[in-house]
1. Quick one: Val115 ticks every box in (1) assigned to a strand (DSSP E or B); (2) open to solvent by 20 Å² or more (accessible area, probe 1.4 Å); (3) not small (Gly, Ala, Ser) bar one, so which box is it?
2. In region 99-123, which residues are within 19 Å of Thr136 (Cβ to Cβ) and in contact (Cβ under 8 Å) with a residue 40 or more places away in the chain?
3. Is it the case that Ala147 is touching a Ser or Thr at 6+ places or on another chain (Cβ under 9 Å), within 17 Å of Val50 (Cβ to Cβ) and either open to solvent by less than 70 Å² (accessible area, probe 1.4 Å) or not hydrophobic (A, V, I, L, M, F, W, C) (or both)?
4. Name the pairs: first residue in region 53-65 and among the charged types (D, E, K, R), second residue open to solvent by 70 Å² or more (accessible area, probe 1.4 Å) and modelled with pLDDT of 95 or more, Cβ to Cβ under 9 Å, at least 6 apart or on different chains?
5. Criterion first (surrounded by fewer than 17 Cβ atoms within 10 Å (Cβ to Cβ) and of a type outside the set (Gly, Ala, Ser)) does Lys72 satisfy it?
6. Residues Arg62, Arg83: which one is touching a Gly at 6+ places or on another chain (Cβ under 8 Å), among the charged types (D, E, K, R), more than 17 Å from Asn28 (Cα to Cα) and not in a loop (DSSP other than H, G, I, E, B)?
7. Given the conditions (1) open to solvent by 10 Å² or more (accessible area, probe 1.4 Å); (2) within 30 Å of Trp30 (Cβ to Cβ); (3) among the β-branched types (Val, Ile, Thr), which single one is not true for Val88?
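The values are calculated or read from the model by the stated rules, or taken from the named source; none is laboratory data. Keep in mind the model is a prediction, meaning the values are calculated, not measured. Reconstructed Cβ throughout: ideal geometry from the backbone, glycine too, with neighbour counts over all protein chains shown. Heavy atoms of the whole protein, side chains included, go into the accessibility calculation; ligands, DNA and RNA do not. Shrake-Rupley method; radii C 1.70, N 1.55, O 1.52, S 1.80 Å.
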Amino acid sequence: MRRISFALAAVGLVVATAAPASAGETDNGWEPAPSAAWAYPAGARCDFAVQGSPVVDGVVRRTLAVYEDGTKVLEYKGDLVVRVVNTVTGASYDADASGRAVVEVRPDRSQTWYVVGPILAGFGEGGGNVARGLYTVDGVYTLDVSATGYKTLTLLRGSTDSLCDRVS
C-alpha cells in the first residue's frame with residue numbers, strides 16, 4: 001500500500017514542482033549532485049564504444065524521507081546536458097537529461113524512479129524490458145531497477161530516442 005500511495009504522491013510532487021534549479025541551490029535541503037563521465041565498450045550499449053560527459057550540470061538533490069528499513073526517498077532536479085560520443089568516429093550528440101525525478105532507493109540497492117522529463121538510460125543485453133542501447137527517455141514514466149540491475153521502463157506518456165542511432 002505504501003508503494004502505491006507513494007507512486008501517486010511522487011508523480012504528483014514531480015508534476016507540481018517542476019521549477020528549474022540553479023547549480024548552487026541549497027535552500028530546503030538541496031545539494032549539488034554532479035554527474036560523472038562514463039564509457040562503455042563496443043557491444044555493451046551500442047555496437048561501437050561510446051562515452052558521455054556532462055557539458056551542463058546544474059543537478060541538485062534533496063532527501064525527502066528515510067524509512068526505518070533504510071529506504072531513502074530522494075528528489076533530483078536541474079539542467080543536465082550530456083555529450084554522447086562515438087569513440088570510433090568522433091560523432092557526438094548533446095542529449096538533454098534535465099528531467100525531474102523522485103527516486104526510492106531500497107537497502108538491497110533496488111530503485112524506483114518516478115520521472116517527468118528527459119533522462120538518459122542505458123540497457124545492457126537482456127538487462128531490461130528495452131532493447132540493448134542508450135536512450136533519452138522523455139515524458140512521464142517510471143523506471144524500476146531491481147537489486148540485480150534489471151531495468152523495467154513503464155511509459156505513462158512519452159517516448160525513447162536512441163542515442164546509439166544519433167551517433168552511429
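1. Condition not satisfied by Val115: (2).
2. The answer is Arg100, Ala101, Tyr114, Val115, Val116, Gly117, Leu120, Gly122, Phe123.
3. In short, no.
4. What qualifies is Asp57/Pro32; Asp57/Pro34; Asp57/Asp79; Arg61/Glu31; Arg61/Pro32; Arg62/Glu31.
5. yes
6. That would be Arg83, the only listed residue that is touching a Gly at 6+ places or on another chain (Cβ under 8 Å), among the charged types (D, E, K, R), more than 17 Å from Asn28 (Cα to Cα) and not in a loop (DSSP other than H, G, I, E, B).
7. The number of the failed condition is (2).
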